[in-house]
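Below: one structure, written as structure tokens.
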Amino acid sequence: MKNKIVFVRAVITDFVYRLRDIRFAGQVLFVVIVLLISWSGVKAIQMNYGLEKQIATAKQENDVQRLENNDLKLQNEYYNSKQYLELQARQNFGLAEPGEQEILVPRNVALSYAPKISLPTQQPVKVSEPAPQKNIQTWIDFFLHRN
């Protein structure tokens, strides 16, 4: 342990003596400045990347909102159209165009002309054993040569 402390102290002392030389001190200063500029550049690149992601997200949200607005505009145009108003008048108020006659057909007459639809009969549901019991039973059958 003492050897390590002595070695580190010697390295530090040697470095400090070498800093007295103006050329070495200039090189150390140059390396420190280059590292600081590089670090600053990396931070700027990282910040720009984050801002680009935010811009892309905002553009996508803007496009989605624009599409929703167009959809609502088309719905409003449809609701203001003559076809929609006529359809709603017929469905909700029983109104018709001048000269049209409404014919009411009794339900049983309408159903007599409709095709017969047969409903599938429900088969009783077979309740199977839980998976672990079924698995154990399968192994027992296998070892006892049962089918």
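The values are calculated or read from the model by the stated rules, or taken from the named source; none is laboratory data. Only a predicted model underlies this, so the values are computations on that prediction, with no experimental measurement involved. All Cβ positions, glycine included, derive from the backbone under ideal geometry; neighbour counts span all protein chains shown.
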- Can you tell me which residues in the range 79-100 are part of a helix (DSSP H, G or I) and exposed (fewer than 10 other Cβ atoms within 10 Å of the Cβ)? K82, Q83, Q91, N92, F93
- Can you tell me which residues in the range 86-143 are at pLDDT 85 or above and either in contact with a Cys (Cβ under 9 Å, 6 or more places away or on another chain) or of a type in the set (K, R) (or both)? R107
